[in-house]
Amino acid sequence: MLDRNAENSSLHPNPDLVSDLLMGMRLYGMEYNRTQISPPFGLRFPAIEGRAQFHFVGRGPVFLRGPGDALHALDTGDAVLLPRGGEHSLLSDAEMKCHCITQFQPKTLCRNVNEIMACSNEKDHTSDALIFSGCMEFDLGSMHPLVALMPDVMLVNTLLKRYPEILPILDAMEREAKEDRAGFAGILARLADVVSAFIVRAWVECGCGGSSGWVAALRDPRLGRVIAALHRDPGRNWTVAELAGQMGSSRSVFADRFQAVTGMTPVRYLTELRMRLAAQWISREGMAIETAAQRLGYGSQAAFSRAFKRVIGKPPGAVRTLTSPRPHTAATVHGAAPAAQTP
């Protein structure tokens, strides 16, 4: 007789491993806008490299035309995350002409939160759309391969039956968006980060949309142990024999299986993992390049810098120079430890 637990584990990533790996996830709210606008309207949001985009509809309906021109209907209380950002539009009608959001003059509400008022009637706002938007730096840390596998548009309303605990947060966002209560802008910003984190975690726990490749390694109990070991101790001088021992197989069987599932050799996987972590530590924590190199098992800073540039595309010093300071650290998952610690 088929073991149902075994069947379920083959369909979904190992929950303990997912929890461990998601501990490194952060969403940094870079800028938020509370937009109140009278229909008809069309707002275009340009693509910003390396940024995710979040929208919450405090009063709808609103249409979202996402990357790839797909159209989604959003109503009051709906939220959506675009994990890779990309050019998209919010519209009162599917055929509306769009104006770039940057053409509007915002008013500062508090740090990193602005307000855009484009209302035709100064007194009656019952027919105005109310939208709270966030431009976010979406940092999955060692889970970086997941970003490319995510859909362009992730709708919160597809998760409500499975995750009813999101509903009170959405209700709170709706109240805060509509009422000018003390501190509402900061509260909305933090709730937006939390809802975004919920959306990402739910997608992972639901099987990552049936994605194959790298996610298949998380679904495989034996390969999952290897992935977990690499992520927990990336600075160790791992040998193929040691990793094969984690999987409980011969070196040749392990190497073939690892490359078939992940699309890369164990050595390449470990190198990419190390460099993604190094980029995170150097840019976010301001860690010294020499310290990052030593922590990740490199005795030579020159060798570390070569590997870093090969994987990241720029030298370590450029990552620190080009990264803008983050205004605050908001949504974390499962009480994450500081990023400078090895997962």
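The values are calculated or read from the model by the stated rules, or taken from the named source; none is laboratory data. Just so it is clear, the structure is predicted and the values come from calculations on it, not from any experiment. FYI the Cβ positions are ideal-geometry reconstructions off the backbone, even for glycines, and counts take in every protein chain you see. SASA here: full protein model, heavy atoms, side chains in, ligands and nucleic acids out. Shrake-Rupley method; radii C 1.70, N 1.55, O 1.52, S 1.80 Å.
Can you tell me which residue among 306, 274, 268, 232 is of a type in the set (D, E, K, R) and either in contact with a Phe, Trp or Tyr (Cβ under 6 Å, 6 or more places away or on another chain) or crowded, with 16+ Cβ neighbours inside 10 Å (or both)? Before the answer, list the steps.
On the way: 306 fails: either in contact with a Phe, Trp or Tyr (Cβ under 6 Å, 6 or more places away or on another chain) or crowded, with 16+ Cβ neighbours inside 10 Å (or both); 268 fails: either in contact with a Phe, Trp or Tyr (Cβ under 6 Å, 6 or more places away or on another chain) or crowded, with 16+ Cβ neighbours inside 10 Å (or both); 232 fails: either in contact with a Phe, Trp or Tyr (Cβ under 6 Å, 6 or more places away or on another chain) or crowded, with 16+ Cβ neighbours inside 10 Å (or both).
Going through 306, 274, 268, 232 in turn, the sole match is 274.
Grab the strands (runs of 3 or more DSSP E) fully contained in the stretch 49-158, keeping just those with 3 or more residues being touching a strand residue (DSSP E or B) at 6+ places or on another chain (Cβ under 7 Å), touching a residue at least 24 places away in the same chain (Cβ under 8 Å) and within 22 Å of residue 194 (Cβ to Cβ). Quick ask: steps written out before the conclusion?
On the way: elements: 51-59, 62-65, 71-74, 79-82, 88-91, 107-110, 113-118, 129-139.
Here the list reads 51-59, 79-82, 113-118, 129-139.
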Over the stretch 199-222, the set of residues at pLDDT 75 or above, of a type in the set (A, V, I, L, M, F, W, C) and surrounded by fewer than 20 Cβ atoms within 10 Å (Cβ to Cβ) is 202
Those residues of the stretch 83-100 which are open to solvent by less than 20 Å² (accessible area, probe 1.4 Å) and either within 15 Å of residue 33 (Cβ to Cβ) or basic (Lys, Arg) (or both) amount to 85, 88, 89, 90, 100
Here the residues within the stretch 271-293 that are touching a Gly at 6+ places or on another chain (Cβ under 9 Å) and closer than 14 Å to residue 311 by Cβ are 274, 276, 277, 280, 282, 293
Checked 179, 115, 137 against criteria (modelled with pLDDT of 85 or more and either of a type outside the set (Gly, Ala, Ser) or in contact with a helix residue (DSSP H, G or I) (Cβ under 8 Å, 6 or more places away or on another chain) (or both)); the one match is 115
Sole miss for residue 241 among (1) touching a helix residue (DSSP H, G or I) at 6+ places or on another chain (Cβ under 6 Å); (2) closer than 19 Å to residue 311 by Cβ; (3) free of Cβ contacts under 8 Å to residues at least 60 places away in the same chain is condition (2)
Within the stretch 101-139, restricting to residues that are surrounded by 14 or more Cβ atoms within 10 Å (Cβ to Cβ) and among the small types (Gly, Ala, Ser), the one that is nearest to the chain's Cα centre (by Cα) is 134
Residue 284 fails exactly one of (1) basic (Lys, Arg); (2) over 26 Å from the mean Cα position of the chain (by Cα); (3) buried (at least 21 other Cβ atoms within 10 Å of the Cβ), namely (2)
Of 189, 172, the only residue that is within 20 Å of residue 51 (Cβ to Cβ) and either within 20 Å of the chain's Cα centre (by Cα) or modelled with pLDDT of 85 or more (or both) is 189
